[in-house]
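The next block holds one structure in the form of structure tokens; read it before the comments.
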Amino acid sequence: MDEKIYHRYLYLDTNIYGHICKNECLVKPLFEFLVSNNISLALTGANLSELHDAGFLHKQLVKILTILPTSLIVSWDEILKHEIESHPDMFKGSILGYPINNLLLEKGGLKKFEEKLKDPNLKEARKIQVEDSKKMYNEFLDLKDNFPPSSSGKYTKEQAKEFSDFIVIQWLSQSHPRFMTEFKENISLLNLDIFKTIKMFAFVIFYKYYIGNRNPVKKSDYGDLFHLLYIPYCNMAI
């Protein structure tokens, strides 16, 4: 496999990993697709924390993810840090954390991977992830009072960019206040478009919950929001 395969990514929703484990006939065609397109699966901490409770899948999952070209990519907040460090330019570096296939070369590598999936810290991380996304969701809905609909009385797609810019400023002001002090006198110097992680999150919030006027109905709806932060740095997503 070309080494570049670990720098091009296909992002899969967590339930697709479960589907592949239960339908092993999919492994061969997926392998052929990934190799022929020089692309690897993008495995994230969000995936791993969601897979923690599916203990019955762990052995099969480890086997499949070390057969398929698979990259563990860095956390979303590390990607955001890279975006900040790249400002005002777009971040174009690598988000690779570790090529999972290298575990085949490590003594006891597969066992370590399986033990990692059972790590109780992953369960706690999942709990924090859901609570954080609930908090962010509620905060963004509270913004409706400060971000009124169009003159028609409804939110429109023409407002999406303005909303996403608004969210980037609010998010960075809370998470990286020291960085934001650089723009205290002139916010127009802040290149909002380079923060693709937050932008993706904001666009989905706006289209789904402002324009669509929907509400999360399951715990997984909140957790799904965290997957969005990785997708701008992936070549494909399912």
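The values are calculated or read from the model by the stated rules, or taken from the named source; none is laboratory data. Just so we're clear, the structure is a prediction, and the values are computed from it rather than from any experiment. So basically every Cβ, Gly included, is an ideal-geometry build from the backbone, and we count neighbours across all protein chains shown. Surface accessibility is based on the protein's heavy atoms, side chains included, excluding ligands, DNA and RNA. Shrake-Rupley method; radii C 1.70, N 1.55, O 1.52, S 1.80 Å.
Counting just the residues of segment 45-62 that are hydrophobic (A, V, I, L, M, F, W, C) and part of a helix (DSSP H, G or I), which one comes out surrounded by the most Cβ atoms within 10 Å (Cβ to Cβ)?
Result: Ala46.
Restricting to segment 138-158, give me the number of residues that are farther than 20 Å from Asp193 by Cβ, part of a loop (DSSP other than H, G, I, E, B) and open to solvent by less than 100 Å² (accessible area, probe 1.4 Å).
7
Suppose the filter is of a type in the set (Val, Ile, Thr), more than 26 Å from Lys208 (Cβ to Cβ) and out of contact with any Phe, Trp or Tyr (no Cβ under 9 Å at 6 or more places or on another chain); does Val35 pass it?
Judged against the criteria, Val35 is a match.
Could you tell me whether Lys4 is of a type outside the set (Val, Ile, Thr), in a helix (DSSP H, G or I), open to solvent by 50 Å² or more (accessible area, probe 1.4 Å) and in contact with an Asp or Glu (Cβ under 8 Å, 6 or more places away or on another chain)?
no
If I filter segment 63-71 for residues that are under 18 Å from the mean Cα position of the chain (by Cα), open to solvent by less than 10 Å² (accessible area, probe 1.4 Å) and farther than 30 Å from Arg178 by Cα, do I get at least one hit?
Within segment 63-71, one or more residues are under 18 Å from the mean Cα position of the chain (by Cα), open to solvent by less than 10 Å² (accessible area, probe 1.4 Å) and farther than 30 Å from Arg178 by Cα.
I need every pair where a residue in segment 86-98 that is within 13 Å of Lys196 (Cβ to Cβ) has its Cβ under 6 Å from the Cβ of a residue that is open to solvent by less than 40 Å² (accessible area, probe 1.4 Å) and modelled with pLDDT of 95 or more, sequence separation at least 6 or different chains.
Correct list of pairs: Met90/Ile194; Phe91/Glu83; Ile95/Ile73; Ile95/Val74; Ile95/Ile79; Ile95/Tyr233.
Please go through segment 159-198 and pick out each residue that is open to solvent by less than 40 Å² (accessible area, probe 1.4 Å), over 18 Å from Asp142 (Cα atoms) and in a helix (DSSP H, G or I).
Of everything in segment 159-198, those that are open to solvent by less than 40 Å² (accessible area, probe 1.4 Å), over 18 Å from Asp142 (Cα atoms) and in a helix (DSSP H, G or I) turn out to be Phe179, Met180, Phe183, Leu192, Ile194, Thr197.
Which pairs have Cβ atoms under 7 Å, sit 6 or more apart or on different chains, and link a residue in segment 47-67 that is basic (Lys, Arg) to one that is assigned to a helix (DSSP H, G or I) and open to solvent by less than 40 Å² (accessible area, probe 1.4 Å)?
Lys59/Glu114
Would you mention how many residues in segment 16-36 are more than 19 Å from Cys234 (Cβ to Cβ) and either open to solvent by 50 Å² or more (accessible area, probe 1.4 Å) or in contact with a strand residue (DSSP E or B) (Cβ under 9 Å, 6 or more places away or on another chain) (or both)? Steps first, please.
Filtering segment 16-36 for residues more than 19 Å from Cys234 (Cβ to Cβ) gives 18, 21-29, 32.
If we keep only those that are either open to solvent by 50 Å² or more (accessible area, probe 1.4 Å) or in contact with a strand residue (DSSP E or B) (Cβ under 9 Å, 6 or more places away or on another chain) (or both) too, we end up with 22-26, 28-29, 32.
So the answer is 8.
Asn121 versus (1) open to solvent by 60 Å² or more (accessible area, probe 1.4 Å); (2) under 18 Å from the mean Cα position of the chain (by Cα); (3) within 30 Å of Gly55 (Cβ to Cβ): which is the lone unmet condition?
The number of the failed condition is (2).
Which condition number does Trp76 fail, the rest of (1) modelled with pLDDT under 90; (2) open to solvent by 40 Å² or more (accessible area, probe 1.4 Å) being met?
All conditions pass for Trp76, except number (1).
Of the residues in segment 199-208, how many are open to solvent by 30 Å² or more (accessible area, probe 1.4 Å) and either modelled with pLDDT of 95 or more or under 13 Å from the mean Cα position of the chain (by Cα) (or both)?
Residues meeting the conditions: 2.
Under 8 Å between Cβ atoms, which residue pairs at least 6 apart in sequence (or on different chains) link something in segment 27-44 that is closer than 22 Å to Ser94 by Cβ and assigned to a helix (DSSP H, G or I) with a partner that is open to solvent by less than 70 Å² (accessible area, probe 1.4 Å) and not hydrophobic (A, V, I, L, M, F, W, C)?
Correct list of pairs: Leu34/Ser40; Leu34/Pro69; Val35/Pro69.
List the number of the failed condition for Lys92; all other conditions in (1) assigned to a loop (DSSP other than H, G, I, E, B); (2) open to solvent by less than 80 Å² (accessible area, probe 1.4 Å); (3) closer than 24 Å to Met180 by Cα hold.
Every condition holds for Lys92 apart from (2).
Is it the case that Asn15 is assigned to a helix (DSSP H, G or I), of a type in the set (S, T, N, Q) and either at positive phi or within 21 Å of the chain's Cα centre (by Cα) (or both)? Before you say what the answer is, go through the steps one by one.
Details: assigned to a helix (DSSP H, G or I): yes; of a type in the set (S, T, N, Q): yes; either at positive phi or within 21 Å of the chain's Cα centre (by Cα) (or both): yes.
Yes; evaluated as a whole, the condition is true for this residue.
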